[in-house]
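The values are calculated or read from the model by the stated rules, or taken from the named source; none is laboratory data. Predicted model only: the values in this text are computed from it and were never measured. Glycine gets a Cβ as well: all are built from the backbone with ideal geometry, and neighbour counts include every protein chain shown.
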Amino acid sequence: MVRDRRYIAAIRAAQLGLSAAVVEEAPTLGGVCLNWGCIPTKAILSAAEIFAAVKHGVPGLVVEGQSANYSQVIDASRAAADRLVRGVNGLMKKNKIEVLLGRARLAAGREVVVTRDGASESVEARNVILATGSTELVFPGVQVDGRKSSPAARRSSHASSPPRS
(Lines give C-alpha, C1' and ligand atoms only; values in the text may rest on other atoms or scores of the structure.)
Protein backbone atom coordinates (compact mmCIF):
# COMPACT_ATOMS: atom_id res chain seq x y z
CA MET A 1 0.00 0.00 0.00
CA VAL A 2 1.35 3.42 -0.94
CA ARG A 3 1.06 5.88 1.95
CA ASP A 4 3.16 8.74 0.61
CA ARG A 5 0.69 11.47 -0.35
CA ARG A 6 2.85 12.60 -3.29
CA TYR A 7 2.39 9.28 -5.02
CA ILE A 8 -1.28 8.94 -4.10
CA ALA A 9 -2.00 12.37 -5.61
CA ALA A 10 -0.10 11.54 -8.80
CA ILE A 11 -1.80 8.16 -9.17
CA ARG A 12 -5.25 9.68 -8.65
CA ALA A 13 -4.53 12.46 -11.16
CA ALA A 14 -3.44 9.85 -13.71
CA GLN A 15 -6.56 7.77 -13.03
CA LEU A 16 -8.64 10.88 -13.75
CA GLY A 17 -6.96 11.22 -17.14
CA LEU A 18 -4.49 13.97 -16.31
CA SER A 19 -0.85 13.90 -17.29
CA ALA A 20 1.09 13.43 -14.05
CA ALA A 21 4.70 13.69 -12.97
CA VAL A 22 6.51 13.31 -9.65
CA VAL A 23 9.76 15.09 -8.81
CA GLU A 24 11.95 13.11 -6.43
CA GLU A 25 15.11 14.56 -4.95
CA ALA A 26 16.39 11.25 -3.56
CA PRO A 27 17.93 8.72 -5.96
CA THR A 28 15.02 6.32 -5.33
CA LEU A 29 11.29 6.74 -4.90
CA GLY A 30 9.75 6.16 -1.50
CA GLY A 31 10.89 9.07 0.60
CA VAL A 32 12.53 9.02 4.00
CA CYS A 33 10.06 6.61 5.61
CA LEU A 34 10.40 3.86 3.04
CA ASN A 35 14.12 4.18 2.30
CA TRP A 36 15.75 5.14 5.58
CA GLY A 37 13.26 5.58 8.38
CA CYS A 38 10.12 3.63 9.19
CA ILE A 39 10.43 0.53 7.03
CA PRO A 40 14.11 -0.35 7.62
CA THR A 41 13.76 0.52 11.30
CA LYS A 42 10.71 -1.73 11.73
CA ALA A 43 12.56 -4.60 10.02
CA ILE A 44 15.55 -4.16 12.36
CA LEU A 45 13.30 -3.89 15.44
CA SER A 46 11.42 -7.03 14.42
CA ALA A 47 14.69 -8.98 14.17
CA ALA A 48 15.79 -7.60 17.56
CA GLU A 49 12.50 -8.61 19.20
CA ILE A 50 12.76 -12.14 17.82
CA PHE A 51 16.37 -12.42 18.99
CA ALA A 52 15.46 -11.13 22.46
CA ALA A 53 12.63 -13.67 22.77
CA VAL A 54 14.95 -16.51 21.77
CA LYS A 55 17.84 -15.28 23.94
CA HIS A 56 15.80 -14.75 27.10
CA GLY A 57 13.75 -17.83 26.57
CA VAL A 58 10.19 -18.88 26.52
CA PRO A 59 9.03 -21.39 29.15
CA GLY A 60 9.65 -24.86 27.75
CA LEU A 61 11.71 -23.59 24.80
CA VAL A 62 15.50 -23.70 24.96
CA VAL A 63 17.61 -22.53 22.05
CA GLU A 64 21.37 -22.85 22.34
CA GLY A 65 24.12 -20.94 20.59
CA GLN A 66 22.25 -17.74 19.82
CA SER A 67 24.18 -15.10 17.94
CA ALA A 68 23.33 -12.04 15.91
CA ASN A 69 24.83 -11.07 12.58
CA TYR A 70 24.15 -7.33 12.38
CA SER A 71 25.30 -7.15 8.78
CA GLN A 72 22.66 -9.68 7.72
CA VAL A 73 19.98 -7.89 9.75
CA ILE A 74 20.82 -4.60 7.99
CA ASP A 75 20.90 -6.38 4.61
CA ALA A 76 17.44 -7.85 5.29
CA SER A 77 16.08 -4.42 6.24
CA ARG A 78 17.51 -2.95 3.01
CA ALA A 79 15.99 -5.82 1.00
CA ALA A 80 12.56 -5.08 2.51
CA ALA A 81 12.86 -1.39 1.63
CA ASP A 82 14.18 -2.15 -1.86
CA ARG A 83 11.24 -4.49 -2.54
CA LEU A 84 8.80 -1.71 -1.62
CA VAL A 85 10.70 0.85 -3.75
CA ARG A 86 10.31 -1.50 -6.73
CA GLY A 87 6.57 -1.57 -5.96
CA VAL A 88 6.33 2.23 -5.98
CA ASN A 89 8.30 2.32 -9.27
CA GLY A 90 5.86 -0.23 -10.69
CA LEU A 91 2.88 1.89 -9.69
CA MET A 92 4.39 4.94 -11.39
CA LYS A 93 4.96 2.96 -14.61
CA LYS A 94 1.54 1.29 -14.50
CA ASN A 95 -0.15 4.68 -14.18
CA LYS A 96 2.12 6.32 -16.78
CA ILE A 97 3.47 8.85 -14.26
CA GLU A 98 6.71 10.51 -15.28
CA VAL A 99 9.38 10.45 -12.56
CA LEU A 100 11.79 13.37 -12.67
CA LEU A 101 14.85 13.04 -10.44
CA GLY A 102 16.06 16.29 -8.94
CA ARG A 103 14.91 19.23 -6.87
CA ALA A 104 11.92 21.24 -8.09
CA ARG A 105 11.07 24.89 -7.75
CA LEU A 106 8.13 26.85 -9.02
CA ALA A 107 9.05 29.51 -11.58
CA ALA A 108 6.89 32.07 -13.36
CA GLY A 109 3.51 31.09 -14.74
CA ARG A 110 3.14 27.36 -15.31
CA GLU A 111 6.84 26.57 -15.23
CA VAL A 112 8.40 24.06 -12.82
CA VAL A 113 12.20 23.92 -12.91
CA VAL A 114 13.83 20.62 -11.95
CA THR A 115 17.55 20.77 -11.13
CA ARG A 116 19.83 17.76 -10.82
CA ASP A 117 23.63 17.72 -10.72
CA GLY A 118 23.75 21.36 -11.78
CA ALA A 119 21.60 20.85 -14.89
CA SER A 120 18.10 22.30 -15.08
CA GLU A 121 15.03 21.16 -17.00
CA SER A 122 11.84 23.19 -17.36
CA VAL A 123 8.47 21.47 -17.30
CA GLU A 124 5.16 23.18 -17.98
CA ALA A 125 2.37 22.25 -15.60
CA ARG A 126 -1.25 23.36 -15.68
CA ASN A 127 -1.78 22.19 -12.10
CA VAL A 128 0.79 21.60 -9.36
CA ILE A 129 0.41 19.79 -6.05
CA LEU A 130 3.13 20.68 -3.54
CA ALA A 131 3.95 17.71 -1.33
CA THR A 132 7.41 18.25 0.07
CA GLY A 133 8.10 15.03 1.95
CA SER A 134 10.37 15.07 4.98
CA THR A 135 13.94 14.90 6.15
CA GLU A 136 15.67 14.38 9.47
CA LEU A 137 16.11 17.23 11.94
CA VAL A 138 19.52 17.71 13.52
CA PHE A 139 19.18 19.64 16.76
CA PRO A 140 21.45 22.62 17.41
CA GLY A 141 24.54 21.54 19.33
CA VAL A 142 24.34 17.90 18.18
CA GLN A 143 27.35 16.86 16.15
CA VAL A 144 26.60 14.19 13.53
CA ASP A 145 29.70 12.00 13.62
CA GLY A 146 28.38 8.93 11.79
CA ARG A 147 29.14 6.68 14.76
CA LYS A 148 27.03 7.44 17.82
CA SER A 149 24.75 9.86 16.01
CA SER A 150 23.95 9.78 12.34
CA PRO A 151 21.21 10.99 10.01
CA ALA A 152 18.62 8.45 8.94
CA ALA A 153 20.18 7.92 5.50
CA ARG A 154 23.48 6.92 7.03
CA ARG A 155 22.10 4.96 9.98
CA SER A 156 20.38 2.33 7.86
CA SER A 157 23.51 1.66 5.84
CA HIS A 158 25.80 0.76 8.77
CA ALA A 159 26.65 -2.91 8.32
CA SER A 160 28.68 -3.39 11.48
CA SER A 161 27.45 -3.87 15.01
CA PRO A 162 26.67 -0.74 16.99
CA PRO A 163 29.48 0.63 19.17
CA ARG A 164 29.30 -0.34 22.82
CA SER A 165 29.65 2.40 25.38
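Odds and ends about this structure:
- Residue count for the stretch 14-41, restricted to those that are without any contact (Cβ under 8 Å) to a residue 24 or more places away in the chain and either assigned to a helix (DSSP H, G or I) or buried (at least 19 other Cβ atoms within 10 Å of the Cβ) (or both): 1
- Check on A52, touching a residue at least 60 places away in the same chain (Cβ under 8 Å) and part of a helix (DSSP H, G or I): no
- Annotation: of all residues in the stretch 114-158 being among the β-branched types (V, I, T) and in contact with a Leu (Cβ under 8 Å, 6 or more places away or on another chain), the one that is modelled with the lowest pLDDT is V128.
- Residue match in the stretch 68-85 (condition: closer than 26 Å to S120 by Cα, in contact (Cβ under 8 Å) with a residue 40 or more places away in the chain and small (G, A, S)): no
- Taken over the stretch 105-129, the criterion of being part of a loop (DSSP other than H, G, I, E, B) and in contact (Cβ under 8 Å) with a residue 24 or more places away in the chain is satisfied by A125, N127, I129.
- Within the stretch 55-77, the set of residues being part of a helix (DSSP H, G or I) and either surrounded by fewer than 10 Cβ atoms within 10 Å (Cβ to Cβ) or not β-branched (V, I, T) (or both) comprises K55, H56, Y70, S71, Q72, D75, A76, S77.
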